[in-house]
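Presented below is the structure to which this report refers.
The values are calculated or read from the model by the stated rules, or taken from the named source; none is laboratory data. This is a predicted model, so every value here is computed, not measured. Methodologically, a virtual Cβ is constructed for each residue, glycine included, from the backbone with ideal geometry; neighbour enumeration extends over all protein chains shown. The protein model used for the area step is the full one, side chains on, heavy atoms only, and it has no ligands, DNA or RNA in it. Shrake-Rupley method; radii C 1.70, N 1.55, O 1.52, S 1.80 Å.
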Amino acid sequence: MKKDIVLLIFILLIVFGFIGYISYSKNRNLPPVDTSILYTNTEYGFTFTLPINWKDHSILKEMWIGNPLSNTSAQSGTKLLIRNPKWTSSEPYEDLPILIFTISQWNSYEAEGFSVGAAPIRAIELGRNTKYVFALPARWDFDYSTDYQQAQEIIAGKPLHPFNN
């Protein structure tokens, strides 16, 4: 009686293992499910990969202002905010900010000709094309807005890809 039960369990394990293997083999040949969307900015020449739950995101256009640190003139440029579609004034979600510098502005910024923001921390270059440098401002996520962790994960995935117009 014990031998029959052990044999039955052994046969069932083999059958379920075989079924699992066949199911795995079929599923590994399927194309991956697209879980992202692509924001394309043709004005400045870059794409930005976002998770699918950001499908109805919005783009806000603001200005960054550079404070002169040496004998340079005041600088300014475009700051784009990619806004989470769940964002409301009563519950602001973390934006994804992109500072846009011309190459000459970035060179001056790197040479400490001016600063952007009050923090003594430098902006981080995300990428560049032949006309522009795209950067992440210092302390962009220090307000800990709703879902700031997801915004940090998006940035950590290197979502910005420049191209030349």
Residues of the stretch 94-131 satisfying the condition of being in a helix (DSSP H, G or I) and not aliphatic (A, V, I, L, M): Ser104, Gln105, Trp106, Asn107, Ser108, Tyr109, Glu110
For Asn53: the one exception among (1) part of a helix (DSSP H, G or I); (2) exposed (fewer than 12 other Cβ atoms within 10 Å of the Cβ): (2)
Candidate set from the stretch 110-157 (those that are touching a residue at least 24 places away in the same chain (Cβ under 8 Å) and of a type in the set (Lys, Arg)); member that is least open to solvent (accessible area, probe 1.4 Å): Arg128
Criterion violated by Met63 - all others in (1) surrounded by 12 or more Cβ atoms within 10 Å (Cβ to Cβ); (2) at pLDDT 95 or above; (3) in contact with a Gly (Cβ under 8 Å, 6 or more places away or on another chain) satisfied: (1)
